[in-house]
1. How far, in nm, would the chain grow between Lys110 and Ala190 when pulled straight, counting 0.36 nm per residue and subtracting the alpha carbon separation?
2. Before I look further, what does the chain give for accessible area per residue, probe 1.4 Å, in whole square angstrom?
3. If the only charges are +1 at each Lys and Arg Cβ and -1 at each Asp and Glu Cβ, what is the size of the charge dipole of the range 56-118 around the Cα centre, to the nearest 20 debye?
4. Dipole magnitude of the chain about its Cα centre, charges +1 at Lys/Arg Cβ and -1 at Asp/Glu Cβ only, in debye to the nearest 20?
5. State the answer as a single residue: which of Ile202, Ala273, His183 lies farthest towards the positive end of the charge dipole of the range 156-277, with beta carbon charges of +1 for Lys and Arg and -1 for Asp and Glu, about the Cα centre.
6. Can you list residues from other chains, or at least 5 along the same chain, whose modelled amide H is less than 5 Å from the amide H of Ser157?
7. How much net charge surrounds Ala276 when only the other residues with a Cβ under 13 Å from the Cβ of Ala276 are counted, with Lys and Arg +1 and Asp and Glu -1?
8. If contacts are Cα pairs under 8 angstrom and at least 6 residues apart, what is the relative contact order of the range 65-114 in percent?
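The values are calculated or read from the model by the stated rules, or taken from the named source; none is laboratory data. Small disclaimer: the values here were computed from a predicted structure and weren't measured. Backbone-built Cβ (ideal geometry, glycine too); neighbour counts: all protein chains shown. When the accessible area is computed, the model is the full protein with side chains, heavy atoms only, and any ligands, DNA or RNA have been set aside. Shrake-Rupley method; radii C 1.70, N 1.55, O 1.52, S 1.80 Å.
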Amino acid sequence: MYFLTGAAICGSALLVYRKISSTGHKPRVCGLDYPRDLVILHSIPRDRLTPNLGHFSLKLETYLRVNAIPYQFDGQPLQGPKGKVPWIEHNGVTMGDSQFIIQYLEKEFKVNLNSHLSPKDRALAWAIQKWLEEFTYWLSVYTRWVVFVDDMFKMQSSFPAWLKIPLGRKVTSMSYAVGIGRHSNEEVHAMMVNDLKQFSAILGDRKYVMGDRICDVDCAAFGILSQVRWCTPSACPGAALLQGDELKNVTDYMDRIKNDFWPDWEELTSHAAQKAL
């Protein structure tokens, strides 16, 4: 009886979760439902830990801020055209995937953070970015929503408690498919620590990854590393590493981006914390 009751509860939660996550945004008219020449950034709601728990949402919003592109944040729990967040609306255009969005913004707003780089350096920056987004990202996701899922639901304010079981199952399945979930927790922690140390070695004493000027790779790195440093329980060796002094060049780098482009960081997180009460 207890098993059947629990299964029914979990099944109901999963159905509600799927209903929410599959809800599409109704077509809106530019100039009527939202103003022209303003990027509408859709993502999950603000959180008490960082302005956003989404790695790629934080990447894209940092990119918008670095380029001083006018935008409006919309934290409604709706999926975009790619079935994920972040996504944008702009002058009648609806687009998903943070990298496609950045390519679109480059053309629309005549900006390019990589314009000063040589072809070889652009390729190197791209390789670093893809390493972080395709590997370190999954280490972070698995660590937060599988290994330390109980602690994460106590810490954050974006997701309701009933989502813990279906979210944990979904992330477990996805992580197993990409390979990260096939490793032990100790192996995942070791890989995270290694990634952070490798990034520290690449960064060295430079202001940004590729030198004195911020590039696309820095927006991506900030989006990924912020989740490890500020949005992961300290029991995680990777989080502990960034919360200490061992990788000071990395933490200084993150503080530099946060202070320069997120002056309202504490205001946004404090407001999210108040709403969660």
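1. Fully extending the segment from Lys110 to Ala190 adds 24.6 nm.
2. 49 Å²
3. Values: 6 positive and 6 negative charges, 26 e Å.
Taking the Cα centre of the range 56-118 as origin, the dipole is about 120 debye.
4. For the chain, the charge dipole is close to 740 debye.
5. His183
6. Arg48, Leu49
7. Values: positive: Arg46, Arg48, Lys154, Lys275; negative: Asp47.
Charge balance near Ala276 sits at +3.
8. It rounds to 24 percent for the range 65-114.
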